[in-house]
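The structure appears right after this line, and notes come after that.
The values are calculated or read from the model by the stated rules, or taken from the named source; none is laboratory data. Worth saying up front: this structure is predicted, and the values here are computed from it rather than measured. We place every Cβ from the backbone using ideal geometry, glycine too, and count neighbours over all the protein chains shown. In case anyone asks, the SASA skips ligands and DNA or RNA and just uses the protein heavy atoms, side chains included. Shrake-Rupley method; radii C 1.70, N 1.55, O 1.52, S 1.80 Å.
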Amino acid sequence: MKKYSEMSKEELKAELEQLEASYKEYQGMNLTLDMSRGKPCREQLDISMGMMDALNSKGDLSCEDGTDCRNYGLLSGIPEAKVLLGDMMENHPDNIIIYGNSSLNVMYDTVARAMTHGIMGQTPWCKLDKVKFLCPVPGYDRHFAITEYFGIEMIPVPMHKSGPDMDMVEKLVAEDDAIKGIWCVPKYSNPQGYSYSDDTVRRFARLKPAASDFRIFWDNAYGIHHLYDDRQDYLVEILAECKKAGNPDMVYKFASTSKITFPGSGIAALATSLNNLEDIKKQLKNQTIGHDKVNQLRHVRFFKDIHGMTEHMKKHADIIRPKFEAVEEILDKELGGLDIGEWTKPNGGYFISFDALEGCAGDIISMAKKAGVTMTEAAATWPYHKDPHDSNIRIAPTFPPIEDLKLATQLFALCVKIVSAQKLLGA
């Protein structure tokens, strides 16, 4: 098949006529398919059902230090949960706080605390004339929603295969003390599935920000979410690098078991320096007497240790790997060589990122929706929902049954072809 850009006007018109006829057939199928969010499917949730039997009314609900998990206490989490999540996050248990079910909630609280009370004695952000955040793009829409909610100005930074454009990051944070943070999904990034290179992580650790209260918001949501046993991305541990570089307090590292056990009932954690932990606990002790220790104990009893968690993640991979491969195979077959789109092929995480011809993303998503396939809205991966190129589309393969996913991807590829042909024809 010729590249669309190399077709004559007549060839492209003939191609478009055939594509539009196929599209009408899809419209007649009355489809209702959803691949808009990166949710685990039912089969993934089922593999954690044994966790419901890890505790029972006759069992001992005390943790290893003797604390009764049914009662108040242990503000920063039960010791064995800190060990388990510490191993998952590659951090010492002493540097961990265990929270409730949502790491997004922890990120929101972290920004809110900085707004109202400042960081480690610095001026509260709400009292400053301007507060800015760097936002690698395309990126995670819910990160951007938090900073937008608090009125923080967001500055897009291009993402490369090795991570954010570090020349730009280094320059901006060094020159502007209003820049207080940067959002990062460093491993199997949302939505591209890229992992930061060793050099990128080390450059982060050696940043020289103008603001002494600048923090890296390191959301390692997909730290152990590999698709392949023999093809796994590796990430240098950021807290250790920051300590080596003389910047021990510069990072807040977030993670959770949301896509490991039950997204609505997992446990979240924050890893950071002891100085940051002391600062955070001043607020936390006024917010809660402790998070759900019974749920923390349930997770520990179910997994036992990090090896149990790693084996559990292989089961997840076996379920979702065929879905990623199905999407990639269909995109290769339907769009390969046409020069009307590019897409990532990640080794882990929850998303595939698709870049259409400039100016086409919104129309592709709208066209797919009219034929019964709901996708993440166009420009969701950019701050303020403003993609200046109108090209990026996030594909979420995990939730739909595989046959539905294949059908949805075929329709998506058809919509890409139609909208691309129309653009090239000037329609």
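Summing Cβ point charges (Lys, Arg +1; Asp, Glu -1) relative to the Cα centre of region 220-357 gives a dipole of roughly 1020 debye.
Every helix of 4 or more DSSP H residues in the chain counts as -39500 (n - 2.57), and over all residues that averages to -13000 deg cm²/dmol at 222 nm.
A simple rule links phi to the HN-Hα coupling: the Karplus curve 6.51 cos²θ - 1.76 cosθ + 1.60 with θ = phi - 60°, which for region 315-325 gives 5, 4, 4, 4, 7, 9, 4, x, 6, 4, 5 Hz, with x for Gly and Pro.
Most tightly packed first, judged by the mean number of other beta-carbon atoms within 10 Å of their residues, the peptides 352-358, 285-291 read 352-358, 285-291.
If both residues of a DSSP beta bridge must be in the chain, then about 45% of such bridges are antiparallel.
Between the Cα long axis of helix 103-117 and the first principal axis of the chain there is an angle of about 60°, rounded to the nearest 10. If R0 is 30 Å, the Cβ-Cβ spacing of ASN71 and GLU278 corresponds to a FRET efficiency of close to 0.75.
Remark: the chain carries a charge dipole of roughly 840 debye about the Cα centre, counting +1 on each Lys and Arg Cβ and -1 on each Asp and Glu Cβ. Compute the separation of the alpha-carbon centres of region 180-228 and region 321-338 and state it in Å as a whole number. Each part's Cα centre sits 28 Å from the other's. Ranked by the mean number of other Cβ atoms within 10 Å of their residues, highest first, the peptides 7-13, 103-109, 383-389 come out as 103-109, 383-389, 7-13. Roughly what percent of Cα-Cα pairs across region 1-114 reach past 22 Å? Value for region 1-114 (Cα pairs over 22 Å): 66 percent. Shape index of region 94-176: Rg/Rh, with Rg the Cα radius of gyration and Rh the Kirkwood radius from the inverse mean 1/r over Cα pairs, equals 0.99.
Taking the convex hull of the alpha carbon positions in the chain and averaging its projected area over all directions gives 22.0 nm².
For region 1-156, with all protein chains in place and a probe radius of 1.4 Å, 47% of the accessible heavy-atom surface sits on carbon or sulfur. In the chain, taking the dipole from charged Cβ atoms about the Cα centre, the farthest positive-side position among PHE144, ILE224, THR344 is held by PHE144.
A DSSP coil position with no more than 14 other Cβ atoms inside 10 Å describes the following trypsin sites (Lys or Arg not before Pro) in region 288-369: LYS304. For region 140-193, dividing the convex hull volume of the Cα atoms by the residue count gives 76 Å³ per residue. Given region 292-345 reduced to its alpha-carbon atoms as identical point scatterers, what log10 I(q)/I(0) does the Debye formula return at q = 0.16, 0.20, 0.23, 0.29 Å⁻¹? With no solvent term, the Cα-only Debye profile gives -0.64, -0.76, -0.87, -1.04. Each part reduced to its alpha carbon centroid, region 27-97 and region 265-295 end up 16 Å apart.
Structural descriptor for the chain: relative contact order 26 percent, calculated from alpha carbon pairs under 8 angstrom and at least 6 residues apart.
The residue list PHE399, GLY266, HIS316 was ranked by how far each Cα lies along the charge dipole of region 243-401 toward its positive end, using unit charges on Cβ atoms, and GLY266 comes out on top. Note on LYS3/ASP198: beta-carbon distance plugged into 1/(1 + (r/R0)^6) with R0 of 22 Å gives a FRET efficiency of 0.05. Axis angle, to the nearest 10 degrees, between helix 166-175 and the longest C-alpha principal axis of the chain: 50 degrees.
Here the simple spin-label model places points 7 Å from the Cα toward Cβ, and for ILE402 and VAL294 these points are separated by 3.8 nm. Take every pair of alpha-carbon atoms less than 8 Å apart whose residues are at least six positions apart; their mean separation over the length of region 372-427 yields a relative contact order of 27 percent.
Which entries in LYS180/LYS386; LYS315/LYS369; LYS3/LYS370 show an alpha-carbon gap greater than 30 Å? Where the Cα-Cα span goes over 30 Å, the pairs concerned are LYS315/LYS369. What angle, in degrees between 0 and 90 and rounded to the nearest 10, separates the Cα long axis of helix 9-27 from the longest principal axis of the Cα atoms of the chain? For 9-27 against the chain, the angle is about 60 degrees.
What do you get for Rg/Rh of region 260-387 when both radii come from the Cα atoms and Rh is the Kirkwood radius? My calculation of the ratio gives 1.10. Among MET107, ILE365, ASN295, flag the residue with its Cα farthest along the positive direction of the charge dipole of the chain, charges on Cβ as +1 for Lys/Arg and -1 for Asp/Glu. It is ASN295, whose Cα lies furthest towards the positive end. Mind jotting down the distance between the C-alpha centroids of region 102-125 and region 372-387, whole Å? Centre-to-centre distance over Cα atoms comes out at 27 Å. Under conditions of 10 °C and 1.306 mPa s, region 168-254 yields 118 µm² s⁻¹ as its translational diffusion coefficient, taking Rh as the Kirkwood radius over Cα pairs in the Stokes-Einstein equation.
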